[in-house]
Amino acid sequence: MSKQFFFEAGAFPDLSYVELIAVLESFNISKDIITRFGTTIFLVKNEKIDENFVINVFQRLGGCKRVGYILEDIDNFSYRSESIQGSKIIFGISILGDSLKNESVFIKKLANSIKRTLRSDAISSRFIIPKGKDNSLNSAQVINNQIIEKGFELDILRNFETEKYGKTLMVQDLEGFVQRDMYKPNTDIQMGTLPPKLARMMVNFTAQNSGILWDPFCGSGTIPMEAVILGFNTLASDVNPVAVNTTSSNIEWLSKEGFAPDALYESFRFDVTKANKEVIKKLKNTDITAIVCEPYMGPPQTALLSEQKASELLIDVKNLYFKLFDLIDNKIEKRYIKVILIIPSYKTQKGWKTFGIRELVNKRWIVKNGDYLKNRDLKWSRKNSIITRNIFILERT
Ligand SMILES: C[S@@+](CC[C@H](N)C(=O)[O-])C[C@H]1O[C@@H](n2cnc3c(N)ncnc32)[C@H](O)[C@@H]1O
């Protein structure tokens, strides 16, 4: 019988949900096999998918923290079988999903009873407890204590009505995302950079797992970096030559660090508003399958913007994108291409200000957000932030 698997979303569950659907779509698997269990858990079951496939999908994701399988019969879960002969079992317990209160007393009691069971079978064990008031282990605890290799993590999955049990197969390589965010060699150009997890999700929103991806506003290269890791042949361009060099050295660093040993990329200077004929010819002859980008959004903001400032920034963004779509539609004449882009909203003294996607693209473009999510809203915003990033998934017919 095929197993049921679960994915645990990160801080932006709707984005994680859309990303999972899109990655499955890239392997020709329909979204019908996913059901949401509460806000942050996605259940997946299908005879076509096995453990290796699920792990492969999980490793591509930016928005999920944990993957595992559902234990259909918890009473038959044998802790003993998890034991590596002669060595101590290292185990953890995590409560995932819509669990509102602190559960540390319950977790400790359950851990003690598991320990007693193991002891009665002459197996010694070590229990790793979630940190502070957390109900679940963080990825560093799971990885550093080798819980998956030397024991198990038992997961209790809750929505507001019921609960299920699961066993973790893998946790997110958070360290890798942090390294790329904080320790890439060049981050010092004067502009905001995307969090790598969001860049990864945006690349995955293309619902492609190979092809040629272009970021025409590459900045320090966060999107191209995640794209090469996922195996895309990547073009990175920017009006600013410093940004072009920065992107190149960041991708070289990625290769050296082993994140993308065979990175295929090309970076070049290109002003979207003053299209250079030679570059256009080259782009026309390149089989670009997706454009993924974040435009210039103004300097980082710490205080509310005036309405006027927000309008000026939005006009700049709109102009840049108009030029980009003119380029795609009329100059490099690309059809059947996906575009994933960010339109910012700015918080002003008089509320939020943005513009609608239909102001930007003509009828030849389908806005796909609604195919993935009923309310169509794909937003990334931190608490108290002045800028919200609205993400759009577009497909050219
Ligand atoms: C917000 S940054 C992109 C940041 C990038 N996503 C990252 O994470 O590093 C926007 C970039 O757009 C570039 N840009 C602005 N106007 C442009 C134009 N006309 N053509 C090409 N690039 C442009 C800027 O130089 C800047 O590097």
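A short reminder: the numbers here are calculations on the coordinates, not readings from a lab. Predicted, not measured: the structure shown is a model, and the values here were computed from it. With ideal geometry, Cβ positions are generated from the backbone for all residues, glycine too; neighbour counts draw on all protein chains shown.
As a quick test, which of the pairs Lys31/Lys284; Lys31/Lys65; Lys282/Lys323; Lys65/Lys101; Lys65/Lys334; Lys101/Lys150 have an alpha carbon distance above 25 angstrom in this structure? Could you put the intermediate results ahead of the total?
On the way: Lys31/Lys284 33 Å; Lys31/Lys65 20 Å; Lys282/Lys323 18 Å; Lys65/Lys101 20 Å; Lys65/Lys334 36 Å; Lys101/Lys150 29 Å.
Correct reply: Lys31/Lys284; Lys65/Lys334; Lys101/Lys150.
Helix 51-60 sits at what angle to the longest principal axis of the chain, using alpha carbons and giving 0 to 90 degrees rounded to 10?
That works out to roughly 40 degrees.
Rounded to a whole number, what is D in µm²/s for the range 175-396 from Stokes-Einstein with the Kirkwood radius over alpha-carbon pairs (20 °C, 1.002 mPa s)? Walk me through the numbers on the way to the answer.
Working: Rh = 17.8 Å.
In µm²/s, the coefficient is 120.
Of the candidates Gln301, Gln349, Gln208, which one comes out as most mobile in a Gaussian network treatment of the chain with C-alpha springs shorter than 10 Å?
Maximum among the listed residues: Gln349.
Which number do you get for Rg(Cα) / (2.2 N^0.38 Å) in the range 4-172? It would help to have the intermediate numbers written out before the result.
Details: Rg = 15.9 Å, N = 169, 2.2 N^0.38 = 15.5 Å.
Dividing the Cα Rg of the range 4-172 by 2.2 N^0.38 Å gives 1.03.
Please report the antiparallel percentage of the DSSP beta bridges confined to the chain, to the nearest 5. Mind dumping the intermediate values first?
Working: 40 of 68 bridges.
Beta bridges within the chain, antiparallel portion: roughly 60 percent.
For the range 160-200, what Kirkwood radius comes out of the mean inverse Cα-Cα distance, in Å? Before the final figure, lay out each step's value.
Details: mean 1/r = 0.0749 Å⁻¹.
It works out to 13.3 Å.
In what sequence, highest mean first, do 129-139, 234-244 appear when ranked by Cβ atoms within 10 angstrom?
Numbers: 129-139: 16.2, 234-244: 21.0.
So the peptides 129-139, 234-244, ranked by packing, come out 234-244, 129-139.
Nearest 500 deg cm²/dmol is fine: what mean residue ellipticity at 222 nm does the chain get from its DSSP H runs of n ≥ 4 alone, each adding -39,500 (n - 2.57), divided by its residue count?
On the way: 12 runs with 125 residues, N = 397.
Calculated mean residue ellipticity at 222 nm is -9500 deg cm²/dmol.
According to the Kirkwood expression over distinct Cα-Cα pairs, how big is the hydrodynamic radius of the range 134-182, in Å? The partial results should precede the final answer.
Values: mean 1/r = 0.0810 Å⁻¹.
Across the range 134-182, the inverse of the average 1/r is 12.4 Å.
So which GluC sites (Glu not before Pro) in the range 301-361 pass both tests, a DSSP loop state and at most 15 other Cβ atoms within 10 Å of the Cβ? Before the final figure, lay out each step's value.
On the way: sites: Glu307, Glu312, Glu333, Glu359; in loops: Glu333.
Answer by residue number: Glu333.
Would you mind checking the range 89-114 for residues with the amide N under 19 Å from a putative spin-label position 7 Å along Cα→C-beta of Glu163?
91-114
Please compute, over every Cα-Cα pair in the range 270-397, the percentage with a separation greater than 24 angstrom. It would help to have the intermediate numbers written out before the result.
Working: 2716 of 8128 pairs.
Here the long-distance tail beyond 24 Å is 33 percent of all Cα pairs in the range 270-397.
Run the simple label-point estimate for Asn102 and Leu373 please: 7 Å along Cα→C-beta, distance reported in nm.
The two pseudo-label positions are separated by 3.2 nm.
Using a 7 Å offset from the Cα along the Cα-to-Cβ direction at both Ala122 and Leu304, what is the distance between the two label points in nm, to one decimal?
Taking the simple label geometry, Ala122 and Leu304 are separated by 7.2 nm.
If I build a Gaussian network model for the chain, linking alpha-carbon pairs within less than 10 angstrom, which residue out of Ser248, Ser94, Ser311 has the largest mean-square fluctuation?
Highest fluctuation of the listed residues: Ser311.
Would you mind checking the tilt of helix 241-256 against the longest principal axis of the Cα atoms of the chain, expressed as 0 to 90 degrees and rounded to 10?
30
Within 10 Å of each candidate Cβ there may be at most 16 other Cβ atoms; applying that plus a DSSP loop requirement, which trypsin sites (Lys or Arg not before Pro) in the range 340-375 survive?
On the way: sites: Lys347, Lys350, Lys353, Arg358, Lys363, Arg364, Lys368, Lys374; in loops: Lys350, Lys363, Arg364, Lys368, Lys374.
Within the range 340-375, the qualifying trypsin sites (Lys or Arg not before Pro) (loop, at most 16 other Cβ atoms within 10 Å) are Lys350, Lys363, Arg364, Lys374.
If the range 63-150 were replaced by its equivalent ellipsoid, with semi-axes equal to the square roots of 5 times the Cα gyration tensor eigenvalues, what would those be, largest first, whole Å? Kindly include the intermediate steps, with their values, before the conclusion.
Details: eigenvalues 93, 46, 39 Å².
Equivalent ellipsoid of the range 63-150: 22, 15, 14 Å, largest first.
Above 28 Å lies some portion of the pair distances; for the chain, what is it as a whole percent of all C-alpha pairs?
52
What aspartates and glutamates does Lys363 reach when the alpha-carbon gap must be under 16 Å and sequence neighbours fewer than 8 apart in one chain are set aside?
Straight-line reach from Lys363, under 16 Å: Asp326, Asp329, Glu333, Glu395.
Just to be sure I follow the definition: excluding the sites themselves, where is the longest run in the chain that has none of the chymotrypsin sites (Phe, Trp or Tyr not before Pro) in a DSSP loop with at most 12 other Cβ atoms within 10 Å? All intermediate terms of the calculation are to be shown ahead of the outcome.
Values: sites that count: Phe160, Tyr183, Tyr336.
Between the exposed loop sites, the longest stretch runs 1-159.
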